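The values are calculated or read from the model by the stated rules, or taken from the named source; none is laboratory data. The shown structure was predicted, so the numbers you read here are calculated from the model rather than taken from an experiment. Please note: Cβ atoms are built from the backbone with ideal geometry, for glycine as well, and neighbour counts cover all protein chains shown. Note: areas computed on protein heavy atoms with side chains; ligands, DNA, RNA excluded. Shrake-Rupley method; radii C 1.70, N 1.55, O 1.52, S 1.80 Å.
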There are 2 protein chains.
Amino acid sequence: MKRLLIADLMRSQGELDSVLIQGWVRTRRDSKTFFFLEVNDGSCLKSMQVVVTEKAEGYGTSKSITTGASVSVKGRLVPSQGKGQMWEIQADSVELVGEADESFPLQKKRHSNEYLREIAHLRPRTNLFGAIFRIRSKLAYAIHSFFQEKQFFYVHTPIVTASDCEGAGELFRVSTLDPKNPPLDEEGNIDYKEDFFGRSTYLTVSGQLEGETYATALGNIYTFGPTFRAENSHTSRHASEFWMVEPEMAFCDLAADMDLAEEFVKSVISQVMESCSDDLALFFNFVDKELKERLEFVISRPFKRVSYTEAVDILLASGKDFDNKVEWGVNLQSEHERYLTEEHFKCPVTVYDYPKELKPFYMRANDDGKTVAAMDVLVPGIGEIVGGSQREERLELLKANMAAHGISEKDYWWYVDLRRYGTVPHAGFGLGFERLLMFITGVANIRDVIPYPRVPGHAEF
Amino acid sequence: MKRLLIADLMRSQGELDSVLIQGWVRTRRDSKTFFFLEVNDGSCLKSMQVVVTEKAEGYGTSKSITTGASVSVKGRLVPSQGKGQMWEIQADSVELVGEADESFPLQKKRHSNEYLREIAHLRPRTNLFGAIFRIRSKLAYAIHSFFQEKQFFYVHTPIVTASDCEGAGELFRVSTLDPKNPPLDEEGNIDYKEDFFGRSTYLTVSGQLEGETYATALGNIYTFGPTFRAENSHTSRHASEFWMVEPEMAFCDLAADMDLAEEFVKSVISQVMESCSDDLALFFNFVDKELKERLEFVISRPFKRVSYTEAVDILLASGKDFDNKVEWGVNLQSEHERYLTEEHFKCPVTVYDYPKELKPFYMRANDDGKTVAAMDVLVPGIGEIVGGSQREERLELLKANMAAHGISEKDYWWYVDLRRYGTVPHAGFGLGFERLLMFITGVANIRDVIPYPRVPGHAEF
């Protein structure tokens, strides 16, 4: 007899005579001559109510079928008398597969998210975390579908890299040298020529530069993979290991880049709202009462576009007493971003043309001599969710920028080569996958949307 | 005017009056009063032939439109007079976007794959590597589609991990400690409590154990992410960084696991044969003349299933003089695997029930006391492509296995917990993504199917 998923049974169009479900008991309620089980198999948020009467095979031996136990239930799918569910199963037989004694940590009561992080291996068995990680899966697939349907090619950029374009302080070193007795060169320094890859290597902070090499060959590409930051940040929005999406398009300018970012964010949120409506309802009802309205707002209205200069003017004219002083040339801080999206425009905002001093070497210089063709998409409640730019495709300007940023042309010869051989205008952006998931679910802490979060001091499991 | 992809134009149902294409010049052929360009934009294998006559705008300034240059072409899509293509473009205008002088390394001639690895940033601009990486993208998406349509959930297991279940010799250490002056503890050893994560951390070799925690909550899950081996292997089949697919299913035994592996391999190959027929034709015609037949064979016939014991008997009865002696209890070597698939059965073979001494601690003990419920799928030309098992779900047996393998229960308390609380039979497998891509394309060296391969001594780009 083939096991059926509860997600499918919940959508059944009629009664079914003989079904088999297997899952974990969420609750048990006993009456004199029968008992109820709520069985969840992880395929959906809802549990299946199972009615076990004295007539059911296994009734006598079912004492140890308690919260957390795994069970195998055969029976008839019939309309439920109780409220809250369409279908229930009248058990013909019930079998204990694996018991869970009273030490099982997820007894029927509310646990704090902080506590559940300590049992991250069990938390997907709760309603909240089951829903988060089903949505995470659907969101990842929506991202792939969006790009694949647009004929973008998925590129796996390397995780281990010798590149170090954002400054060594924030990088994790990858090595197989014996840390106690590393080989030394003639000057007494550690000789990384002896290391596994014959040089110093780190975990990647971005696949963009390698992504550009593929965009200038295949046209439209995207990456979707893990990236790393060794920052000692202890905030609810930073993780040391997170997944990033980075599309890159040849023959593309900043305007088309902003168009794509907006279409992308709207499309994947729409897809998830459609495919995860049951799971999302949990967040709408219990996590953030304004979430539903916010998501619907984002997918249905155009994002506002303002230049950095306009944004600064708006902030200066706001009369607000910001903790971080606003003037042309400063980085926008979280409080500024939130003012723009939550108070002034009340919608997502794409800010473009940032002062060049604030941005990395690869961004394209604008003709004003002061700004670069960069853009950030800011959303209410989260702040920056997308950061992108048109890339500097002009050889001499790129070389000057690299010199100004102290970046060695020799180390990045291959990146410079793209400007030597058939250079093209191109642009792209990066989106933090977990940030987007936080925005969609209203979950406030990044540690709660990653199966096993890595943050300073924590690499459990 | 909107840029159109050459892939779409090649499928055009009729002439088009006014189109814009942008891409890179593969070749140029000059006549007295006109010239031909072959323009490729990466969207497909085929290049678009462009005819530029004296009447075309930009004709006079087009001297520098040579191999490797990027161009923007406007014109009419018309039936081609030449052979080998259905459509060509009669240019109204042609514009040089970025030139490529004679130092451009991909002039019209055949280059060795070894040479092209040295210019891995440019090789996707060749027919062969363009095709490989388009197929790589489609194969990745086929994998996601296969599992998502079966209601499996995609889980991102951690890349940085404190787990070390396959022996420290093969692991990359991840650290932010100052390698020259690491902090020492009272006994003079490096104090990893001071390291970024407060402990020793490594790059993951597999997401399986964490995957099991999610399968025993969500039911059916899969991982698809990078994994790492610090083995000093210099073969054409080993890379230090590669992507792995690892499904894991609750309430699943070895037989169903083998069923899934077979269905999975067939399905993703079929999908790629359908969606990449043009690109695949290149490999059928120029890389491996038997490839097409082999792939069609694999997707259309049942895989043969034999127990390890039967496989050993077949090898012993073969009369072959193997380099590695065959007897019950030894690991099957590449030559044995190839004999089984290529000579004896002439089809993919799933070998199951291996001697327990050959396999890791988590595999489920069979009742014979000698074997475990493991399985490998072997394919012609590659050998092992899938390795999987039913996992030991019985607490006491798992603990005994861990003790026998010298694995600390304390370090894996969360893994053991799965057997304490609602344990269920479960099974899964791992598939090396690049191995599968090699099988599908016939490409012999793993370095040629990874954008920027990482192998001992190499982490360029």
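Report yes if some residue within the stretch B:181-199 is within 28 Å of A:Thr157 (Cα to Cα) and aliphatic (A, V, I, L, M); otherwise report no.
The answer is no; no qualifying residue exists.
Please work out which residue is modelled with the highest pLDDT, limiting yourself to the stretch B:155-164 and to residues that are among the hydroxyl-bearing types (Ser, Thr, Tyr) and open to solvent by 10 Å² or more (accessible area, probe 1.4 Å).
Top of the filtered list is B:Thr157.
Does A:Asn220 count as more than 30 Å from B:Ser175 (Cβ to Cβ) and facing chain B (nearest Cβ under 10 Å)?
When the stated conditions are applied, A:Asn220 passes them.
Return the only residue of A:Leu316, A:Leu340, A:Leu358 being in contact (Cβ under 8 Å) with a residue 24 or more places away in the chain, open to solvent by 30 Å² or more (accessible area, probe 1.4 Å) and of a type outside the set (Asp, Glu).
A:Leu358
For A:Asp411, only one of the following conditions fails: (1) assigned to a loop (DSSP other than H, G, I, E, B); (2) open to solvent by less than 20 Å² (accessible area, probe 1.4 Å); (3) within 14 Å of chain B (Cβ to nearest Cβ). What is its number?
Of (1) assigned to a loop (DSSP other than H, G, I, E, B); (2) open to solvent by less than 20 Å² (accessible area, probe 1.4 Å); (3) within 14 Å of chain B (Cβ to nearest Cβ), only one is false for A:Asp411: (2).
Examine the stretch B:423-432 for a residue that is surrounded by fewer than 21 Cβ atoms within 10 Å (Cβ to Cβ) and over 20 Å from the mean Cα position of the chain (by Cα), and state whether such a residue exists.
Within the stretch B:423-432, none of the residues are surrounded by fewer than 21 Cβ atoms within 10 Å (Cβ to Cβ) and over 20 Å from the mean Cα position of the chain (by Cα).
Consider A:Gly82 carefully, then state whether it is in contact (Cβ under 8 Å) with a residue 12 or more places away in the chain and either surrounded by 14 or more Cβ atoms within 10 Å (Cβ to Cβ) or not charged (D, E, K, R) (or both).
Taking the combined requirement at face value, the residue satisfies it.
Tell me, which strands (runs of 3 or more DSSP E) lie completely within the stretch A:1-73 with 3 or more residues that are open to solvent by less than 10 Å² (accessible area, probe 1.4 Å) and in contact with a helix residue (DSSP H, G or I) (Cβ under 9 Å, 6 or more places away or on another chain)?
Per the criteria, A:16-30, A:34-40.
Which count do you get for residues in the stretch A:126-154 that are more than 30 Å from A:Leu116 (Cβ to Cβ), facing another protein chain (nearest Cβ under 7 Å) and open to solvent by 10 Å² or more (accessible area, probe 1.4 Å)?
3
Can you tell me which of (1) crowded, with 19+ Cβ neighbours inside 10 Å; (2) under 26 Å from A:Phe228 (Cβ atoms); (3) not aromatic (Phe, Trp, Tyr) is the one B:Cys276 doesn't meet?
Just one mismatch for B:Cys276, condition (2).
Here is a check on your reading of the model: is A:Phe129 closer than 30 Å to B:Ile6 by Cβ, at pLDDT 95 or above and either part of a helix (DSSP H, G or I) or of a type in the set (Gly, Ala, Ser) (or both)?
For A:Phe129, the condition - closer than 30 Å to B:Ile6 by Cβ, at pLDDT 95 or above and either part of a helix (DSSP H, G or I) or of a type in the set (Gly, Ala, Ser) (or both) - is not met.
Give the residues of the stretch B:221-257 that are under 15 Å from the mean Cα position of the chain (by Cα) and either β-branched (Val, Ile, Thr) or closer than 30 Å to A:Val71 by Cβ (or both), sorted by residue number.
Scanning the stretch B:221-257 gives B:Thr223, B:Thr227, B:Val245, B:Glu246.
Can you report the number of residues in the stretch A:78-125 which are within 23 Å of B:Glu393 (Cα to Cα), part of a loop (DSSP other than H, G, I, E, B) and more than 10 Å from chain B (Cβ to nearest Cβ)?
The qualifying residues number 2.
List, please: which pairs have Cβ atoms under 8 Å, are six or more places apart or on different chains, and start with a residue in the stretch B:380-405 that is free of Cβ contacts under 8 Å to residues at least 40 places away in the same chain and end with one that is among the small types (Gly, Ala, Ser)?
Every condition considered, the pairs that remain are B:Glu392/B:Ala365; B:Glu393/A:Gly98; B:Leu397/B:Ala365.
Considering the stretch B:105-125 alone, what residues qualify as being under 13 Å from B:Thr66 (Cβ atoms) and surrounded by 19 or more Cβ atoms within 10 Å (Cβ to Cβ)?
B:Leu106, the sole residue that qualifies.
Output yes when any residue across the stretch B:247-262 is under 27 Å from A:Gly130 (Cα atoms), in contact with a Gly (Cβ under 6 Å, 6 or more places away or on another chain) and within 9 Å of chain A (Cβ to nearest Cβ), and no when none is.
Looking for residues that are under 27 Å from A:Gly130 (Cα atoms), in contact with a Gly (Cβ under 6 Å, 6 or more places away or on another chain) and within 9 Å of chain A (Cβ to nearest Cβ), one finds at least one in the stretch B:247-262, hence yes.
Is one or more of the residues making up the stretch A:195-204 within 7 Å of chain B (Cβ to nearest Cβ), surrounded by fewer than 21 Cβ atoms within 10 Å (Cβ to Cβ) and assigned to a loop (DSSP other than H, G, I, E, B)?
yes
Checking B:Ile221 against (1) assigned to a loop (DSSP other than H, G, I, E, B); (2) more than 19 Å from A:Ile159 (Cβ to Cβ), which single condition isn't satisfied?
Only one criterion is unmet by B:Ile221, namely (1).
Let me spell it out: the conditions are (1) of a type in the set (Phe, Trp, Tyr); (2) within 30 Å of B:Leu5 (Cα to Cα); (3) not assigned by the TED database to the domain that holds A:Phe303, and A:Tyr192 meets all of them except one. Which number is the exception?
Condition not satisfied by A:Tyr192: (2).
Out of B:Asp191, B:Asp178, report the one residue that is out of contact with any strand residue (DSSP E or B) (no Cβ under 8 Å at 6 or more places or on another chain), more than 7 Å from chain A (Cβ to nearest Cβ) and open to solvent by 20 Å² or more (accessible area, probe 1.4 Å).
B:Asp178
So which pairs qualify, if the first residue must be in the stretch A:420-431 and touching a residue at least 60 places away in the same chain (Cβ under 8 Å), the second must be among the basic types (Lys, Arg), the Cβ gap must be under 6 Å, and the two must be at least 6 apart or on different chains?
Filtered contacts from the stretch A:420-431: A:His426/A:Arg391.
Check off (1) surrounded by fewer than 11 Cβ atoms within 10 Å (Cβ to Cβ); (2) under 33 Å from the mean Cα position of the chain (by Cα); (3) over 21 Å from B:His458 (Cβ atoms) for B:Ala100 and give me the number that stays unchecked.
For B:Ala100, the failing item is (1).
Here is a yes/no grid of residues against (1) farther than 30 Å from A:Lys410 by Cα; (2) of a type in the set (A, V, I, L, M, F, W, C); (3) in contact with an Asp or Glu (Cβ under 6 Å, 6 or more places away or on another chain):
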{"position": "B:Val351", "(1), (2), (3)": "yes, yes, yes"}
{"position": "B:Pro360", "(1), (2), (3)": "yes, no, no"}
{"position": "B:Arg364", "(1), (2), (3)": "yes, no, yes"}
{"position": "B:Gly369", "(1), (2), (3)": "yes, no, no"}
{"position": "B:Lys410", "(1), (2), (3)": "yes, no, no"}
{"position": "B:Arg420", "(1), (2), (3)": "yes, no, no"}
{"position": "B:Leu437", "(1), (2), (3)": "yes, yes, no"}
{"position": "B:Gly457", "(1), (2), (3)": "no, no, no"}
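For the condition over 30 Å from B:Arg419 (Cα atoms) and in contact with a Phe, Trp or Tyr (Cβ under 9 Å, 6 or more places away or on another chain), what is the one hit in B:Ser236, B:Ser200, B:Ser175, B:Ser163?
Residue meeting the stated conditions: B:Ser175.
Has the stretch B:390-398 got at least one residue that is at pLDDT below 95, assigned by the TED database to the domain that holds B:Trp243 and not aromatic (Phe, Trp, Tyr)?
No - not one qualifying residue is present in the stretch B:390-398.
Filter the stretch B:126-146 down to residues that are over 20 Å from B:Phe284 (Cα atoms) and not hydrophobic (A, V, I, L, M, F, W, C), then give me how many there are.
Result for the stretch B:126-146: 3.
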